[in-house]
Amino acid sequence: EVFWSQTGRHAKTFPSFLPILKLDRIYYRGIQLNSCSVHDEDPWPKLSDHAALSASFNL
């Protein structure tokens, strides 16, 4: 899981307006992780009840 690999913990993603629960994941295998982010700033909390996650990889 990308956040566990990068920080040693899972990302807080729910609810998006004040993330306290670690509900969402991005799993990967066989590629190199560059970076990962939790998008909990505007406009994301208005678009979903879960904060958006993103990750960048080297293929």
Cβ-defined net charge surrounding Asp24, 15 Å radius [Lys, Arg +1; Asp, Glu -1]: +1
By the mean-Cβ-within-10 Å protection proxy, highest first, 47-53, 6-12 rank as 47-53, 6-12
Run the simple label-point estimate for Leu47 and Arg25 please: 7 Å along Cα→C-beta, distance reported in nm. 2.4
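About the Cα centre of the chain, how large is the charge dipole given +1 on each Lys and Arg Cβ and -1 on each Asp and Glu Cβ? Please answer in debye to the nearest 20.
On the way: 6 positive and 6 negative charges, 49 e Å.
Using Cβ point charges on Lys, Arg, Asp and Glu, the chain gives about 240 debye.
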Going from the alpha-carbon gyration tensor of the range 2-58, what semi-axes, largest first and in whole Å, does one get by taking the root of 5 times each eigenvalue? 21, 12, 8
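How large is the helix-only mean residue ellipticity at 222 nm for the chain, computed as the sum of -39500 (n - 2.57) over DSSP H runs with n ≥ 4, divided by its residue count, in deg cm²/dmol to the nearest 500?
Details: 2 runs with 10 residues, N = 59.
One gets -3500 deg cm²/dmol as the mean residue ellipticity at 222 nm.
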Karplus 3J(HN,Hα) series, Hz, for the range 34-47 with 6.51 cos²θ - 1.76 cosθ + 1.60 (x for Gly, Pro): 8, 7, 8, 8, 9, 9, 10, 9, 4, x, 4, x, 7, 9
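Laboratory data are not the source of any read-out in this text; all were calculated from the coordinates shown. Since we're looking at a predicted model, the values are computed, not measured. Don't worry about glycine lacking a Cβ; one is built from the backbone with ideal geometry, like all the others, and counts go over all protein chains shown.
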